[in-house]
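Peer 1: Got a structure for you, written out below as structure tokens; questions coming shortly.
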Amino acid sequence: MISDTATLADALWRATCYASVCQLHLRDNVLLNRPLTTQHVKERPSGHWGTVPGTAWALSHLALTAGLLDHRVELVPLLGAGHAGVVQLAAAWVTGELGKLRPQFSPDAEGLRRLAQAFPDVDGMGAEVTPALPAGAFLGGRLGGCLPFAQGAALDSPGKIAVPVIGDGECETPTTAASWLAQRLLPGSFVLPLVHLNGFRMGGRSLLSAMDDDALRSYFGGLGWEARVVHVTTGSQSDHVAFQTALWDALESTLDDRPTALVMRCVKGWSAPVSLGGRDLLGTSDLHKTPLVSPRSEPEQLMRLAHWLASYQPANLFGEDGRAKGKLAGAVAEARWCSFEPAEPPRVGSPTMAPSTRATTFTDAVTGVVRRHAARGDFLLLSPDELASNRLAELADEHWAHELLAEEVLLEWLAGWTASGRRGALVSYEAFAPLLTSGLVGHIKQRRLDGARELPSLNLLLTSYGWHNVHTHGDPSLATALLALRAPAVRVLTPADPTRTAAALDEAFDSLEGVNLIVAGKHSRTAHPVGTIAEEHRRGLAVWPHLSDEGEPDLTIVAAGDIPAAVAADAVDYVRARHRCRVRVVNLLDLTVLGDPELWPRGLSDQDVDLYLGSHAPVLVLTLGHPAAVWGLLSGRLRRPVDVIGWQEPAGPMPQRQLARSLGMDRAGVAHAAGLLMASREVVR
């Protein structure tokens, strides 16, 4: 069986490499039916080649092995290198998956010609790994997250093994490096990492490549993994047999719950031209991208390209119409692509907590809602060793809760878990959450693409913020950065008290396609009237009648968060008496409602601005985060005097009361800002 599979894998590998080279270089004559001329090649060939042969090798063997397993166990490949998009497209074209999604790229000569002409701007997919195609479920797009993403996706997914294909350069990233050790926390996650060790990062030699086989086994062994090292040197039949044998051995070890990594040693960019212009290419970083960038003007490059394409023996793979034949046809028939796509749409229930239900503390609010959602059996709670610190210690020992001091790993666990249709949340200190910025931006980008829509939201509960913490623990930059994206999926929720925190979490946990940042203080015990909670959740904000004068206001105070709400409540009577004005207080649950409705789904229209803020009143916004985030949302929309009080980096450590006073987040600061706004309104008049 192994020998037969190896033969099919060879055909599938050669076809995938061939289609990749076509995409990088050709615009016509994709089957080499005629001698290659300058008119057949692109004016400026470009794209990544170095990862292609090894990745194509891995995908070919994994797809065929999945076919042999025939649903007994599902092998789910995941590509860690975003630059492997060209080989993903090629494999999907060869096996017909691309044609199902984009009929113009049918698995024949015309489909390949169109694909080659389209690359790198392939219809709605671009040139990077895409979630719409096999092996593309990793929703990050940046280096380092694929292994922990696979761990999260495979957790409590019986009958499935995730196979992240990760490069030796990727293994140097802190996220990947921490994930090897973190596997100890996830015994129910069956992951078989395939380390594509081709010797190089992008421009220099990788650290792993300097180790011999024994050192590699010792390295992975010290982290708790058994390493199976297999060498792929020329792509021969014996190489295929050796790899198939190692793959089956690694699968058996993984199913026995013995963490195993399959390390494939090969030469970067092998099967490409060995040299060019008297300069060695093979085994150098020069093959990171295609070395043949001028085949139209350089006769040697055109000749090298023709020999390169011919080395895959396309006449033995494709018929005159470009459809698979012979061994390739057999391989396509046997290949099977598996995924973590849920069999049913994600379950979305109605909120389990009625808005009028009172929560007196942060602990009550969070634990109550989390336990109710976890009872449904598809919930995951993650935290970087901070549950006890955040007054959630009673959740730490639940089987669905995991703590690890590596925020980036936790984010990928959550992303992998939700990519399989399940729900969860990450609880972190607000000051440490900026570590997640790059990962969240990557997931936001790819969740807009085909194949990654209608997934449960990524939920982050951020607490222990700088207003109530030490000097080094103040940094609301994550919310500021995500709001700057102007991505409709982002919501920044700032509940004013524990009851509102519970209601915000309840709704967020069941939402789809979003990135929800819930910013709530663990110290809050303030309770505000609950009569407006339903409107706050429906519209994102509400006028608080118990603090507001009737009729058109002379000044509107908008409070976003528990501290701003408490300060507004404390200051409103003083402001009203001192400035002899009518004041309206608005509680803002969702910061994005301040944004342009053409950009933000919940953005206020001009009519809504007048309805909630008054038709002419100056506006004073109190926010937990950076004033810049609010200014960015407003973008001059209000056409009236506006000021924002929020977090600014203090000069140094200071007591909390002094910090609040220095930033204007107290009664005196609000009254002073209100006076300036009222005066500026008179000047404008």
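Coordinate-derived values only; no laboratory data. From a predicted model like this one, the values you see are computed outputs, not experimental measurements. As a convention, Cβ positions derive from the backbone with ideal geometry for all residues, glycine included, and neighbour counts pool all protein chains shown.
Peer 1: Hey, can you rank 550-559, 45-54 by average C-beta count inside 10 Å, highest first?
Peer 2: 45-54, 550-559
Peer 1: For labels at residue 635 and residue 361 in the simple 7 Å Cα→Cβ model, what's the distance in nm?
Peer 2: The answer from the label model is 4.4 nm.
Peer 1: Oh, and also: Would you work out the relative contact order for the stretch 2-334, in percent, from Cα pairs under 8 angstrom that are 6 or more residues apart?
Peer 2: It rounds to 24 percent for the stretch 2-334.
Peer 1: Something else now. Any idea which of 250, 157, 63 is furthest toward the positive side of the dipole for the chain, if Lys and Arg beta-carbons carry +1 and Asp and Glu beta-carbons -1?
Peer 2: Result: 63, furthest along the dipole toward the positive end.
Peer 1: Another question, then. So for each of 6-16, 80-90 I average, over its residues, the number of other beta carbons within 10 Å; can you give me the resulting order with the highest mean first?
Peer 2: 80-90, 6-16
Peer 1: Sticking with this one: Note down the relative contact order for the chain as a percent, whole number, built from C-alpha pairs under 8 angstrom at least six residues apart.
Peer 2: Relative contact order of the chain: 12 percent.
Peer 1: How much of the DSSP bridge set in the chain is antiparallel, in percent, rounded to the nearest 5?
Peer 2: Beta bridges within the chain, antiparallel portion: roughly 20 percent.
Peer 1: Hey, got the dipole for the stretch 362-519? About the Cα centre, +1 on K and R Cβ, -1 on D and E Cβ, debye to the nearest 20?
Peer 2: So the dipole magnitude of the stretch 362-519 works out to roughly 540 debye.
Peer 1: What net charge is computed for the residues neighbouring residue 167, neighbours being all others with C-beta under 12 Å from the C-beta of residue 167, Lys and Arg scored +1, Asp and Glu -1?
Peer 2: Here the charged neighbours net out to -1.
Peer 1: Between residue 376 and residue 307, what is the label-to-label distance in nm when each label sits 7 Å out along the Cα-to-Cβ direction?
Peer 2: Taking the simple label geometry, residue 376 and residue 307 are separated by 6.1 nm.
Peer 1: Pick out, from 499, 663, 79, the residue whose Cα sits farthest towards the positive end of the charge dipole of the chain, with +1 on the Cβ of Lys and Arg and -1 on the Cβ of Asp and Glu.
Peer 2: Highest projection toward the positive end goes to 663.
Peer 1: For volume of the Cα convex hull per residue in Å³, pick the label among (1) 229; (2) 171; (3) 206 that corresponds to the value derived from the coordinates.
Peer 2: (2)
Peer 1: What's the angle, to the nearest 10 degrees (0 to 90), between helix 2-25's Cα axis and the longest principal axis of the chain?
Peer 2: Helix 2-25 sits roughly 70 degrees off the main axis of the chain.
Peer 1: Can you compute the FRET efficiency between residue 238 and residue 472 using 1/(1 + (r/R0)^6), with r the Cβ-Cβ distance and R0 = 51 Å? Round to the nearest 0.05.
Peer 2: FRET efficiency, residue 238 to residue 472: 0.35.
Peer 1: Mind ordering 525-532, 361-368, 462-469 by average Cβ neighbours within 10 Å, highest first?
Peer 2: 462-469, 361-368, 525-532
Peer 1: A follow-up question, please. With the cut-off at 1.5 for a/c, could you classify the stretch 192-347 from its C-alpha gyration tensor as rounded, prolate or oblate?
Peer 2: oblate
Peer 1: Excluding same-chain residues fewer than 8 positions from residue 327, which aspartates and glutamates have a Cα within less than 12 Å of its Cα?
Peer 2: In chain and number order, the partners are 4, 10.
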